[in-house]
Amino acid sequence: MVTDNINSLRFVGRVVIVTGAGAGLGRAYALLFGSRGASVVVNDLGGSIHGDGNSNKVADVVVEEIKRNGGKAVANYDSVLDGDKIVKTAIDAFGRIDVVVNNAGILRDKSFTKMTDTDWNLIHDVHLKGSMKTTKAAWPYFHKQNYGRVILTSSHSGLYGNFGQANYSAAKMGLVGFANTLAIEGGKKNIYTNVIIPIAGSRLTEDILPPDLFEQLKPEYIAPVVVWLCHEDCLENGSIIDSAAGWAGKSQIVRSNGCVLKKTLSDEVTPEAVRENWINITDMSNPKTFDTIQEVTAEIMTSVEKLKDGN
Ligand code: NAD
């Protein structure tokens, strides 16, 4: 597909779904996609921060805003758990689907001691299952057309943990694993999946962030990062991109060099050997990164070979 202006990133002819696009980050993404020529499906259930209730209003307002600015958009009011209906809206209205930005989210913060099954399940449903259902419904179209872009929304709460968010942290880290495999399975078909980790002033964070910081954390500062990741010129795949306050960077899981816990192949590994080597096992002064599961396995195999050779 040819962009209509080589000096700017455009999405002419592309159809983009943004879930949870009635407010906060999703709204900023949808508006920017709309202004760059994409046809946008503005999905939002219009519920509360905790996932109760629903309203068509928030999605309708964003659709109107996009149209007022000369863009193309339709609303969808289904939950992301009905991702097939969201994708159907895209196909019915625009005849194709190119990009899915999984952004919808709620919070049910409680310490793990007080957390109920409902708190756990609702968070996993909206964040993890909802992202899977919406992406899954778009996947056959992506395969057929040899093109697709997927964004999954994680959180520092997943990467580093956060008090009161055991449910949310687990679901958000689940999305990283989900992205890692989608990147592998989709990569050959020009379907690229990346994770965004935002920090933004929104209704999810208005009670937590001091007012002056809230102002500096506009969702509009993150939208360009997401929009670039979803452009056909962007070949990034399987990455975790952090962004906030007009800054962006990449996160990666690292591992220590570790150490071998026995001298010969036939030696037993004892808890004492683990204790004695703990400082080396956990030495993060010179960490390693791996891009594939094969690289990790190969390293273990090399270590076995060395033991065989008595090195
Ligand atoms: P927000 O509350 O402003 O917007 C989320 C939108 O999702 C709401 O409009 C809501 O109605 C919609 N939504 C909720 N459940 C839905 C469902 N089942 N189906 C469809 N729509 C649904 O929140 P936000 O801060 O813009 O958050 C957007 C995403 O970014 C979330 O996934 C959130 O977890 C993630 N995130 C936000 C921050 C931050 O600092 N704001 C940090 C890390 C991650």
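The values are calculated or read from the model by the stated rules, or taken from the named source; none is laboratory data. Quantities reported herein were computed from a predicted structural model and do not represent experimental measurements. Neighbour counts run over all protein chains shown; Cβ positions are idealised from the backbone, glycine included.
Among residues that are within 16 Å of the ligand (Cβ to nearest atom), over 27 Å from residue 216 (Cα atoms) and buried (at least 20 other Cβ atoms within 10 Å of the Cβ), residue 20 is not included. In this entry, residue 26 passes the filter for residues that are within 7 Å of the ligand (Cβ to nearest atom), touching a residue at least 60 places away in the same chain (Cβ under 8 Å) and outside any loop (DSSP other than H, G, I, E, B). Examine region 216-228 for a residue that is more than 29 Å from residue 114 (Cβ to Cβ), at pLDDT below 95 and either surrounded by fewer than 22 Cβ atoms within 10 Å (Cβ to Cβ) or among the small types (Gly, Ala, Ser) (or both), and state whether such a residue exists. Looking through region 216-228, at least one residue is more than 29 Å from residue 114 (Cβ to Cβ), at pLDDT below 95 and either surrounded by fewer than 22 Cβ atoms within 10 Å (Cβ to Cβ) or among the small types (Gly, Ala, Ser) (or both). Give me the residue from region 165-205 that is part of a loop (DSSP other than H, G, I, E, B) and away from the ligand (no atom under 14 Å from the Cβ) and, out of that set, farthest from residue 100 (Cα to Cα). Within region 165-205, the match that is farthest from residue 100 (Cα to Cα) is 188. For residue 51, the criteria (1) touching a helix residue (DSSP H, G or I) at 6+ places or on another chain (Cβ under 6 Å); (2) at pLDDT 95 or above; (3) within 8 Å of the ligand (Cβ to nearest atom); (4) not in a helix (DSSP H, G or I) hold in every case but one, which is (2).
In summary, residue 188 fulfils each of the numbered conditions (1) farther than 23 Å from residue 89 by Cβ; (2) in contact with a Leu (Cβ under 9 Å, 6 or more places away or on another chain) with the single exception of condition (2). Would you mind finding the one in 87, 62, 42 that is within 26 Å of residue 232 (Cα to Cα) and assigned to a strand (DSSP E or B)? 42 is the lone residue from the list that is within 26 Å of residue 232 (Cα to Cα) and assigned to a strand (DSSP E or B). With respect to being surrounded by 16 or more Cβ atoms within 10 Å (Cβ to Cβ) and assigned to a helix (DSSP H, G or I), residue 130 fits the description.
Applying the set (1) more than 24 Å from residue 222 (Cα to Cα); (2) crowded, with 21+ Cβ neighbours inside 10 Å to residue 171 leaves exactly one unmet item: (1). Summed over region 289-311, the residues that are modelled with pLDDT under 90 and within 28 Å of the chain's Cα centre (by Cα) give a count of 0. Selection of region 275-311 for residues being of a type in the set (Phe, Trp, Tyr) and not in a helix (DSSP H, G or I) yields only 290.
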